[in-house]
Amino acid sequence: MKPFKLGFIINPIAGIGGSVALKGSDGMAMHALSLGAKPQANHRAKLALEVLLPYQDDIVIYTANDQMGEQCARDLGFKVEVLYQAKNEHTQSDDSQLTAQALLAHGVDIILFAGGDGTARDIANVVANEDDYQKVPVLGIPAGCKIHSGVYAITPKAAGRIIELMVTKELVTLTTGDVMDIDESLFRQGIVKAKRYSEMQIPSELRYVQAVKSGGKESDELVLQDIAANVIEEMNDYDDRQFIIGSGSTTAFLMAELTLDNTLLGVDIVSEQSLLLSDATEEQLYKAITEYQGISKLVITLIGGQGHVFGRGNQQLSPRVIRSILAQPGGNENILILATKAKLAGLENKPLISDTGDGELDQALSGFMPIITGYKDQVLYPLASPF
């Protein structure tokens, strides 16, 4: 039987700026490394390939050298052919594009890539310009700080499941997914300005592929005021609590009600309605939680249209940070999720998603979670472990 030809690209520095609060990796890799950031893209790509281990004899992986795909695939025991050699350890966007060109020339069945929206743009710059690009589907493994595009699976394992369907000759519908990206310089100033750049053919299995991120602020200000009032009352009830405030417009409204400066796309720490730390890094968060004598509460919201609670735009909330919060008295009750009922309805009954990169942690977080939807008003909503 003819082997399945899997094109495979990893952007090794994708998402590297997230844990150190840089809001992205475009042009920031060396700075992120100097701040102690650790690359995660290969780990997330490995999670996708692990799903395909039962089919190793039926797959040949075509890729680039070293950290761009070769090492990950070889470590798992796959048959590998290297079609492109990156010249530098710190790869550039040109490396992703040249690898994509080599994969197309070799006639792969699909290009599976790990990265963020910048990587998706790089791939689209090559694939979307091919006359026969509709014959070559593309699928992204989410590994970046910014995942606005509709060409990504909802989790790394979900990406593996989609490839599994193709390898086993299941019927997989193809559709177009938008390639979106934002201006990172504005992003670091707390301004989200997303733009549609292109589109690519993707395998459309709705259980596994994420929607394009919904943009804009919540329109129902009265509901947001009620949600904020609920959290502020809890803040006032205790003097031995600190609150880790996650990113997003819903939590930004809470900070505005507290008349505190807010890092819209970062993580802040508040205690006794005072701002203790702004735009905290992963290391700062972990230290603040583990050294605090009281209880730390995490206040977060979900991404509209997608439902991700962890793993999108808040890489500062690493598995060890989340575990340190869960280890305190109260356990899961130390995580406060805020959302309007309209935002939940927009998920169309799809569960919330935790994609921390730690399977055991994602499983521990799964189940029905209370969502604060107003003043003294909560609903139970399912949070799912990744595929």
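Condition check for Ser271 on (1) touching a Leu at 6+ places or on another chain (Cβ under 6 Å); (2) surrounded by fewer than 20 Cβ atoms within 10 Å (Cβ to Cβ); (3) at pLDDT 90 or above: one failure, at (1). Any residue at all in the stretch 281-299 that's closer than 24 Å to Ala342 by Cα and in contact with a strand residue (DSSP E or B) (Cβ under 8 Å, 6 or more places away or on another chain)? Yes, the stretch 281-299 has at least one match. Considering (1) more than 16 Å from the chain's Cα centre (by Cα); (2) modelled with pLDDT of 90 or more, the lone condition that Thr301 does not fulfil carries the number (1). The requirement of being more than 18 Å from Gly69 (Cβ to Cβ), at pLDDT 90 or above and outside any loop (DSSP other than H, G, I, E, B) is satisfied by Arg161. Of all residues in the stretch 280-339, those that are surrounded by fewer than 20 Cβ atoms within 10 Å (Cβ to Cβ), touching a helix residue (DSSP H, G or I) at 6+ places or on another chain (Cβ under 8 Å) and more than 17 Å from Leu361 (Cβ to Cβ) total 1. Just to be sure before I move on: is Val172 closer than 21 Å to Ser204 by Cβ, modelled with pLDDT of 90 or more and in a loop (DSSP other than H, G, I, E, B) in the structure I sent? Answer is no for this residue.
Go through the stretch 356-373 and count every residue that is outside any helix (DSSP H, G or I) and on the phi < 0 side of the Ramachandran plot. Matching residues across the stretch 356-373 total 9.
Return the only residue of Thr155, Thr99 being in the same structural domain as His43 (by TED's automatic domain parsing), touching an Asp or Glu at 6+ places or on another chain (Cβ under 7 Å) and in contact (Cβ under 8 Å) with a residue 24 or more places away in the chain. Of Thr155, Thr99, the one residue that is in the same structural domain as His43 (by TED's automatic domain parsing), touching an Asp or Glu at 6+ places or on another chain (Cβ under 7 Å) and in contact (Cβ under 8 Å) with a residue 24 or more places away in the chain is Thr155.
Against the numbered list (1) surrounded by fewer than 23 Cβ atoms within 10 Å (Cβ to Cβ); (2) closer than 24 Å to Leu302 by Cβ; (3) among the aliphatic types (A, V, I, L, M), Ile154 comes up short only at (1). Is it the case that Gly140 is under 26 Å from Thr168 (Cβ atoms) and not in a helix (DSSP H, G or I)? Answer is yes for this residue. Apart from one condition, Leu83 fits all of (1) part of a helix (DSSP H, G or I); (2) surrounded by 17 or more Cβ atoms within 10 Å (Cβ to Cβ); the exception is (1). Residues in the stretch 50-57: is at least one modelled with pLDDT under 90 and part of a helix (DSSP H, G or I)? Within the stretch 50-57, none of the residues are modelled with pLDDT under 90 and part of a helix (DSSP H, G or I). Residue check: Val20 meets all listed conditions (1) modelled with pLDDT under 90; (2) outside any loop (DSSP other than H, G, I, E, B) but one, namely (2).
Scanning the stretch 220-230 for residues that are part of a loop (DSSP other than H, G, I, E, B) and in contact with a strand residue (DSSP E or B) (Cβ under 7 Å, 6 or more places away or on another chain) yields nothing.
The values are calculated or read from the model by the stated rules, or taken from the named source; none is laboratory data. Predicted model, so just to flag it, every value in this text is computed and none were measured. No Cβ is skipped: glycine too gets one built from the backbone with ideal geometry, and neighbour counts run over all protein chains shown.
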